[in-house]
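The values are calculated or read from the model by the stated rules, or taken from the named source; none is laboratory data. Keep in mind the model is a prediction, meaning the values are calculated, not measured. Positions of Cβ are backbone-derived with ideal geometry, glycine not excepted, and every protein chain shown enters the neighbour counts.
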Amino acid sequence: MKRIPWLLAALFIIAYFLYFAYWGLFADFSHDDLMNMWRSLERPYPALVADNLLFWRFSPTYRPFGALVYKVSLDLFGLNLFPLRVFCYLVLALNIFLVYALARRLTGSREVGALAALLHAFHSNFGALYLNNGTLYDIFCFTFTFLGLLLYVRVRQQGKWLNAPQIALFSFLLILALNSKEMALATPLVLGAYELICHGPRLKPSSIATLLLSAGIAAAYYFGRVTGPEGLGQNSGYKTSISLAAYLQQTGHYLDELFYRTGWFTAGKTVGFLLVLLAVAWLLRSRALAFSASIFALGILPMAFIEPRSLSAVYIPLVSCPRGS
């Protein structure tokens, strides 16, 4: 009987998500689809599998896990997009559950987990996630990133360190996240923040080894697949301009999108927003809130130095911010 209220809460959250976003199930081709489909069709299955495993090597599909999803969809259903839309929505629902699971584990509260899942379930400026098949890269990057975070946090909360099989699984999830989209490059920084905030600065060798391994995987991916001679970084839309001013400008842009503003978040207001997040965490003595603030501040880095996109591009770091529908 105790499970009934939580089952009802879960049904309500999913109903809330579908009530506002169901129309995306019937979305047609987007401007990205033909390019993405052509690249996936051109690449045979053995090459796509190799691209996903050899993550440090250039791939003409750029994001080979998403290309693999496109290719399977085309081979099974042709140009009928409805099965692909249903699959993406199932993964979006899974992502809502992952938000609940991580929030519950960090806070020890089912109520907080349910509230976090409800806040994450829908945002009208996430329209691209619901309408554009090209955002499946973001959707799967979220899934693998949060599966990895849940694994890491679960083990560490037990007072243990990841053993060899767990390190292998975490590394595999990180590689799949990177093969889905570049947002996963922030994962080593987020893990480091978790250790410092939730377990203190005195790291043990096993923890350092895991952090270094994740950083090594991210670095190999970045220098091999993003900034390589034919990498995604050579695309004009991904040219980087690294500076504090750029970080504040782009972060302010996404905060405007989040809070339905236009040009309201200046550099000063963006700094103020970040400081408020930290101040609230400090006043409440909440490590969970401090870690959530770090997910936002660090997780947004891969998008903070390139041309601004829609809000769906920062789907991962915005999981830790309040929002309305």
Legend entry - Checking Phe144 against (1) within 10 Å of the chain's Cα centre (by Cα); (2) closer than 17 Å to Leu301 by Cα; (3) not hydroxyl-bearing (Ser, Thr, Tyr), the condition it does not meet: (2)
Legend entry - Options Asp28, Asp33: the member that is among the acidic types (Asp, Glu), surrounded by 15 or more Cβ atoms within 10 Å (Cβ to Cβ) and either closer than 27 Å to Leu173 by Cβ or in contact (Cβ under 8 Å) with a residue 40 or more places away in the chain (or both): Asp33
Inset, instruction - Residue by residue through region 201-236, note down the ones that are under 27 Å from Leu151 (Cα atoms), surrounded by fewer than 16 Cβ atoms within 10 Å (Cβ to Cβ) and of a type in the set (Ser, Thr, Tyr). - result: Ser206
Legend entry - All positions within region 180-197 that are over 16 Å from Ala304 (Cα atoms) and buried (at least 24 other Cβ atoms within 10 Å of the Cβ): Ser180
Inset, instruction - Kindly list, by first and then second residue, each pair from a residue in region 86-105 that is more than 12 Å from Ala10 (Cα to Cα) and part of a helix (DSSP H, G or I) to a residue that is of a type outside the set (A, V, I, L, M, F, W, C) and at pLDDT 95 or above, limited to pairs with Cβ atoms under 6 Å and residues at least 6 apart or on different chains. - result: Val91/Thr143; Asn95/Thr143
Legend entry - Residues of region 177-227 that turn out to be among the β-branched types (Val, Ile, Thr), without any contact (Cβ under 8 Å) to a residue 60 or more places away in the chain and assigned to a helix (DSSP H, G or I), as a count: 4
Legend entry - Out of Leu41, Leu18, sole residue that is out of contact with any Cys (no Cβ under 9 Å at 6 or more places or on another chain), of a type in the set (A, V, I, L, M) and within 22 Å of Leu90 (Cα to Cα): Leu18
Legend entry - Hey, Ser40 under 15 Å from Tyr137 (Cα atoms), of a type in the set (Gly, Ala, Ser), at pLDDT below 95 and touching a Phe, Trp or Tyr at 6+ places or on another chain (Cβ under 6 Å) or not: yes
Inset, instruction - Find the residue count for region 228-268, including only residues that are in contact (Cβ under 8 Å) with a residue 24 or more places away in the chain, not hydrophobic (A, V, I, L, M, F, W, C) and not in a helix (DSSP H, G or I). - result: 9
Inset, instruction - Please work out which one of (1) loosely packed, with under 11 Cβ neighbours inside 10 Å; (2) under 29 Å from Ser109 (Cβ atoms) is the condition Gly268 fails and give its number. - result: (2)
Inset, instruction - With the condition kept exactly as written, say whether any residue in region 299-321 is closer than 19 Å to Ala116 by Cα, surrounded by fewer than 16 Cβ atoms within 10 Å (Cβ to Cβ) and modelled with pLDDT under 95. - result: no
Legend entry - Selection count, region 52-89, where residues are under 16 Å from the mean Cα position of the chain (by Cα) and within 15 Å of Ala21 (Cα to Cα): 2
Inset, instruction - Scan region 4-17 and give yes if some residue there is part of a helix (DSSP H, G or I), closer than 30 Å to Ala220 by Cα and touching a helix residue (DSSP H, G or I) at 6+ places or on another chain (Cβ under 7 Å), otherwise no. - result: no
